[in-house]
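These notes are about the structure you will find just below.
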Amino acid sequence: MPDTTSVKQTLIAKVNENIVVSNVSFINREISALLPFIFVALLLAEHTLLQNRQPFFQKPYFTWIIEVLVVIFAVAGIGANKFPAFWSKFLEKAPLLAAFAGFLIVWDFVTLKLALLPLPYFPSPAAVTAALINEWETLGISALYSLRLLLIGYGLGVLLGLPTGVLMGWYPRFHYWVNPILRSIGPIPATAWIPLAMVAFPSSFTASIFLLVLACWFPITVMTWSGIANVNKAYYEVARSLGASEFYLITRVALPAAMPSIFVGLFMSMGVAFVTLIVGEMLGVKAGLGWFITWAQGWAEFSKVYAALIVMSVLFSGIITLLFKVRDEVLVWQKGLIKW
């Protein structure tokens, strides 16, 4: 018979050990939750207490935003444990928020406070924040113009690339005639066609649409063709044995099976479209974020350049996120496999 006293002592020791581990884990989580507050408070102290070495004559928008964030992160860090769902999400993002605040501290310190980086090329975060707020209307209109151009060019590229890829993957004779064109024109960067596009089209807007269509057409066509060509032939045999027509085989068998490859092409073409869009706007189009960057650079107002880059990042990241949402809905069996 085992000694009951030793067994009780062992169980008590295990319980105490678990209590200590849980307490340490809780303390670590509390510290992690307060990290954003600590770093934002340090940013506020650094920004307000140290003397400026760079000239700054804008309203203190940056200071006001930091003060608001200090209050928000303090409340979130202290009271998040009362809301378990919010608590877990906030704990997951807390190190990233703290790291971003640390980046702002370094940026503000080497620009506004020490002037180690020359103006106007390296403005402080306060100057960029002021540019975002003061130029919000122009930036918003420019973003809408860029979005319009992107959606038209990308949409036409998809409408042209998907049928081309399907026909190349399904009909060998179509592949025979189109493949040389694809191999010769596709690898050429769309921006290399800018001189010819500016001459061939009546306006810079239509020329930019042509460049976007050309940039999107190649990756969508290649990946759609690859997806259709690699569909398991047994799927077709089963469908034919049940009396499926050729149109049914293409639309109900080939296309659904090729969807993973098609979405890869959609993502690739979206990335290329972003580059082509901005280059086209910087060289000829009279509106959009690329035009705004060129205009601000011409006046040496680099704070506005950085502001446009921030808007560009938010806009393009939002579009990619939306495309991921569509992918998760269409390819529901792959939902959560790749997260954006």
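The values are calculated or read from the model by the stated rules, or taken from the named source; none is laboratory data. Quantities reported herein were computed from a predicted structural model and do not represent experimental measurements. Note that each Cβ is placed from the backbone with ideal geometry, even for glycine, and that neighbours are counted across all protein chains shown.
Could you please find all residues in the range 164-213 being of a type in the set (S, T, N, Q), within 27 Å of Gly280 (Cα to Cα) and assigned to a helix (DSSP H, G or I)? Outline the logic, then answer.
Narrowing the range 164-213 to residues of a type in the set (S, T, N, Q): 164, 179, 184, 191, 203-204, 206, 208.
Still in the list and also within 27 Å of Gly280 (Cα to Cα): 164, 184, 191, 203-204, 206, 208.
If the condition is that a residue be of a type in the set (S, T, N, Q), within 27 Å of Gly280 (Cα to Cα) and assigned to a helix (DSSP H, G or I), then Thr164, Ser184, Thr191, Ser204, Thr206, Ser208 are the ones that fit.
Collect the residues in the range 272-323 that are polar (S, T, N, Q) and closer than 23 Å to Ser203 by Cβ, keeping them in residue-number order. Spell out the reasoning first.
So the first thing to find is which residues in the range 272-323 are polar (S, T, N, Q), and the list is 276, 294, 297, 303, 313, 317, 321.
Those that are polar (S, T, N, Q) and closer than 23 Å to Ser203 by Cβ: Thr276, Thr294.
Among the numbered conditions (1) touching a helix residue (DSSP H, G or I) at 6+ places or on another chain (Cβ under 8 Å); (2) on the phi < 0 side of the Ramachandran plot, tell me where Phe247 comes up short.
(1)
Residue check: is Ile78 at pLDDT below 90, aliphatic (A, V, I, L, M) and over 20 Å from Gln297 (Cα atoms)?
It is true that Ile78 is at pLDDT below 90, aliphatic (A, V, I, L, M) and over 20 Å from Gln297 (Cα atoms).
Yes/no matrix, rows are residues, columns are (1) under 16 Å from Val272 (Cα atoms); (2) surrounded by fewer than 18 Cβ atoms within 10 Å (Cβ to Cβ); (3) in contact (Cβ under 8 Å) with a residue 12 or more places away in the chain:
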position: Gly161; (1), (2), (3): yes, no, yes
position: Leu167; (1), (2), (3): no, no, no
position: Arg173; (1), (2), (3): no, yes, no
position: Leu182; (1), (2), (3): no, no, yes
position: Pro202; (1), (2), (3): no, yes, no
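For a quick check of your reading of the model, give me the residue pairs whose first member lies in the range 102-119 and is under 10 Å from Arg53 (Cβ atoms), whose second is part of a helix (DSSP H, G or I) and aromatic (Phe, Trp, Tyr), with beta-carbon atoms closer than 9 Å and at least 6 apart or on different chains.
These pairs meet every condition: Leu116/Phe109.
Only residues that are more than 22 Å from Pro163 (Cα to Cα) and surrounded by fewer than 17 Cβ atoms within 10 Å (Cβ to Cβ): list them for the range 205-250, please.
Within the range 205-250, Thr206, Ala234, Glu237, Val238, Arg240, Ser241, Leu242, Gly243 qualify.
For the range 218-235, name all the residues that are in a helix (DSSP H, G or I), without any contact (Cβ under 8 Å) to a residue 40 or more places away in the chain and either in contact with a strand residue (DSSP E or B) (Cβ under 7 Å, 6 or more places away or on another chain) or within 29 Å of Ile181 (Cα to Cα) (or both).
Lys233
Picking from Ala244, Ala300, Ala287, which residue would you name as being outside any helix (DSSP H, G or I) and touching a Pro at 6+ places or on another chain (Cβ under 7 Å)?
After applying the criteria, what remains is Ala300.
Inside the range 287-308, can you point out the residues that are more than 18 Å from Leu119 (Cα to Cα) and either free of Cβ contacts under 8 Å to residues at least 40 places away in the same chain or of a type outside the set (A, V, I, L, M, F, W, C) (or both)?
Of everything in the range 287-308, those that are more than 18 Å from Leu119 (Cα to Cα) and either free of Cβ contacts under 8 Å to residues at least 40 places away in the same chain or of a type outside the set (A, V, I, L, M, F, W, C) (or both) turn out to be Gly288, Gly290.
Over 20 Å from Trp170 (Cα atoms) and either in a helix (DSSP H, G or I) or among the aliphatic types (A, V, I, L, M) (or both) - does that describe any residue in the range 256-265?
Within the range 256-265, none of the residues are over 20 Å from Trp170 (Cα atoms) and either in a helix (DSSP H, G or I) or among the aliphatic types (A, V, I, L, M) (or both).
Can we say Ser142 is touching a helix residue (DSSP H, G or I) at 6+ places or on another chain (Cβ under 9 Å), buried (at least 16 other Cβ atoms within 10 Å of the Cβ), within 30 Å of Met259 (Cβ to Cβ) and not hydrophobic (A, V, I, L, M, F, W, C)?
no
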